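The values are calculated or read from the model by the stated rules, or taken from the named source; none is laboratory data. All values reported here derive from a predicted model rather than from experimental measurement. No Cβ is skipped: glycine too gets one built from the backbone with ideal geometry, and neighbour counts run over all protein chains shown. Remember, those area values only see protein heavy atoms, side chains included, never the ligands or the DNA or RNA. Shrake-Rupley method; radii C 1.70, N 1.55, O 1.52, S 1.80 Å.
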Amino acid sequence: MERNIVIRHHDLDLTASIHYPEQEPQLAGRGKSRTPLIVICHGFVGSRIGVDRLFVSTARELAADGYMVVRFDYAGCGESGGDYGKEGLESMVAQTRTVLDYAMTCSDIDPTRVTLIGHSLGGAVAILTSVRDHRVKSLILWSAVGHPFNDIIKLTGRDKYDQAVIEGQADHLGYSFTPVYFDSLGNFQPFQEAKQFGGDVLVIHGTGDDVIPVDYAFLYQKVFWTRSEGRCDKEIIFQADHTYSNGSHRRELLDKTRQWLTERNVAQTDWQHWMI
């Protein structure tokens with residue numbers, strides 16, 4: 001079952017879609033368990049739909065696997081209120097935490113299985129959120145941004161940043177970006193903050209990504225490996241582009257994501273039973 005809702009964040013309305021699990025979130029022979037939660041964080045000027053319905057497909061497949069999935073539009077994107085380029089990454093992290101607040105009350109959520117899936121800039125936001133919100137237990141990063149300022153300026157063009165500084169705003173794809181937005185991108189360094197997250201991580205990237213370099217996947221894995229706790233797995237999809245628009249690449253992306261989640265759930269359940 002799916003339903004669309006509105007989540008209040010300060011004076012903004014964030015539009016979200018909730019996908020309820022289609023089966024009991026349990027492993028064969030283990031008995032009834034609490035519901036695992038996944039929240040999807042979209043990228044720069046994106047939406048909860050995703051390019052070619054990427055996030056819709058993802059949410060429906062994961063719900064069929066027994067997860068409750070929430071995908072939402074950041075302020076000023078999709079159907080949410082507000083102006084996207086008015087605020088910055090701090091606001092996106094805060095919005096993600098507000099969505100988590102709501103999602104944690106929607107069902108009997110298993111607090112040990114709360115996952116953020118972040119694509120592109122949403123990957124950076126997912127990392128920043130996980131460091132600040134210890135309810136997040138695992139991360140799945142799809143083609144994640146590593147240097148927010150440089151990566152987004154590459155997309156908009158340096159002239160947009162210069163125009164925003166001089167005139168107070170600049171138009172890009174119909175969105176009005178302020179200096180506050182651009183400056184916020186330079187205030188955060190996901191590569192440096194990533195080592196503060198103690199949970200498990202899956203990093204996926206395509207070699208055909210001409211938006212965010214595939215090298216970031218290797219750098220993220222190196223950073224996550226320096227931690228004293230938490231595992232990090234990396235999957236590279238040959239020739240896949242930034243949005244996994246090819247059918248076989250998308251299938252591989254979703255299969256690798258689902259397999260990793262299943263393996264993590266098995267390990268978590270075995271550990272819980274061993275403790276008992």
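Count of the range 87-110 residues, restricted to those that are without any contact (Cβ under 8 Å) to a residue 60 or more places away in the chain and either in a strand (DSSP E or B) or closer than 15 Å to residue 67 by Cα (or both), is 1.
A single entry from 52, 11 fulfils the requirement of being out of contact with any Pro (no Cβ under 8 Å at 6 or more places or on another chain), loosely packed, with under 15 Cβ neighbours inside 10 Å and touching a residue at least 40 places away in the same chain (Cβ under 8 Å): 52. Filtering the range 222-270 to residues that are small (Gly, Ala, Ser) and open to solvent by 30 Å² or more (accessible area, probe 1.4 Å) leaves 228, 230, 245, 247, 248, 267. Restricting the range 118-137 to residues that are out of contact with any Leu (no Cβ under 8 Å at 6 or more places or on another chain) and at negative phi leaves a set whose member that is most open to solvent (accessible area, probe 1.4 Å) is 134. Scanning the range 138-195 for residues that are among the small types (Gly, Ala, Ser) and either crowded, with 22+ Cβ neighbours inside 10 Å or not in a strand (DSSP E or B) (or both) returns 138, 143, 144, 146, 157, 164, 168, 170, 174, 184, 186, 194. For the condition assigned to a helix (DSSP H, G or I), of a type in the set (D, E, K, R), open to solvent by 20 Å² or more (accessible area, probe 1.4 Å) and touching a helix residue (DSSP H, G or I) at 6+ places or on another chain (Cβ under 9 Å), residue 61 qualifies. Against the list (1) part of a strand (DSSP E or B); (2) more than 29 Å from residue 251 (Cβ to Cβ), the condition residue 71 fails is (2).
Only one of (1) in a loop (DSSP other than H, G, I, E, B); (2) open to solvent by less than 40 Å² (accessible area, probe 1.4 Å); (3) at pLDDT 95 or above fails for residue 78. Which number is that? Among (1) in a loop (DSSP other than H, G, I, E, B); (2) open to solvent by less than 40 Å² (accessible area, probe 1.4 Å); (3) at pLDDT 95 or above, residue 78 violates only (2). Criterion first (of a type in the set (Asp, Glu) and either open to solvent by less than 10 Å² (accessible area, probe 1.4 Å) or more than 20 Å from residue 38 (Cβ to Cβ) (or both)) does residue 83 satisfy it? Criteria met by residue 83.
Just to check your reading of the model, which residue among 44, 72 is hydrophobic (A, V, I, L, M, F, W, C), closer than 30 Å to residue 164 by Cα and open to solvent by 10 Å² or more (accessible area, probe 1.4 Å)? So that I can check it myself, show each step before the final result.
On the way: 72 fails: open to solvent by 10 Å² or more (accessible area, probe 1.4 Å).
44 is the lone residue from the list that is hydrophobic (A, V, I, L, M, F, W, C), closer than 30 Å to residue 164 by Cα and open to solvent by 10 Å² or more (accessible area, probe 1.4 Å).
Just one of the listed residues (263, 252, 229) is closer than 19 Å to residue 207 by Cβ and without any contact (Cβ under 8 Å) to a residue 60 or more places away in the chain, namely 252.
Contact map, the range 141-166: first residue farther than 16 Å from residue 190 by Cβ and in contact (Cβ under 8 Å) with a residue 12 or more places away in the chain, second residue of a type in the set (Val, Ile, Thr) and in a helix (DSSP H, G or I), Cβ cut-off under 8 Å, separation 6 or more or different chains; pairs are 160/153; 161/153.
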